[in-house]
Amino acid sequence: MYPPKHHQEHRTSTIKQVALAYPFATLVSVKDQTPYITHAPLIFHGDKLVGHIDKNNPHTDVLKDNHPITAIFQGPQTYISPSVYTTKQLPTWNYIIAHATGVVALIEDATVVKKSMVAMTEFLENPNHKFTLDLEDPRMDRLTPHIHCFEINVQHWEGKFKLSQDKIPTDIENARLELIKNNQKSIESFVNRLFEDHF
């Protein structure tokens, strides 16, 4: 990612928090100069990331053992108007991004695939656990042959947290509040509009 040093986050534990809070990742691979891009949730299994995609997805041709991959996790992001600052500034965009680069390890054992699906459901059901996926559910056996399961052995984490760090403390705080407010507002507005258009 493009540097400016004051926007780079180097603490791996902090960067991983983005993947934990926003697990729906963008997976990027390249084969024969053709990019493959898929969106899927990933969860941690130790230091590795685990995911599943449909076996009919062309990306499965690339998600094979030892193939390089990048997973992108996007946290909150928003336009920052100069009007929120107490000092004279220009418009900008603030965001939180994490990249995990590594290599793929294919998971083919049906029991391990099912266990990874149970583990993902447990993670995504946090903290209330209103649903539990049963490993012995017969529907799991029917679904597993259609699932391409894989691990990413992460070799490098990179974080870019552009949060108006180069501004004075008051303006940093104002930008933080704007990031929170705009994400809540834009999600509500967009989802409402989407449902009105489609249902």
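The values are calculated or read from the model by the stated rules, or taken from the named source; none is laboratory data. For clarity, every value in this text was computed on a predicted model and none was experimentally measured. Every residue, glycine among them, receives a Cβ derived from its backbone with ideal geometry; neighbour counts consider all protein chains shown. Surface accessibility is based on the protein's heavy atoms, side chains included, excluding ligands, DNA and RNA. Shrake-Rupley method; radii C 1.70, N 1.55, O 1.52, S 1.80 Å.
Points worth noting:
- Just so you know, in region 18-64 the residues that are in a strand (DSSP E or B) and open to solvent by 90 Å² or more (accessible area, probe 1.4 Å) include one that is nearest to Pro145 (Cα to Cα), and it is His39.
- Residues in region 125-136 include none that are surrounded by 13 or more Cβ atoms within 10 Å (Cβ to Cβ) and touching a strand residue (DSSP E or B) at 6+ places or on another chain (Cβ under 9 Å).
- Yes/no for Ala98 being open to solvent by less than 30 Å² (accessible area, probe 1.4 Å) and hydrophobic (A, V, I, L, M, F, W, C): yes
- When Ala119 is tested against (1) under 23 Å from the mean Cα position of the chain (by Cα); (2) at pLDDT below 95; (3) not basic (Lys, Arg), just one condition goes unmet, and that condition is (2).
- Pairs, first of a type in the set (S, T, N, Q) in region 98-114, second assigned to a strand (DSSP E or B), C-beta under 7 Å, six or more apart: Thr101/Thr70; Thr101/Gln155; Thr101/His156
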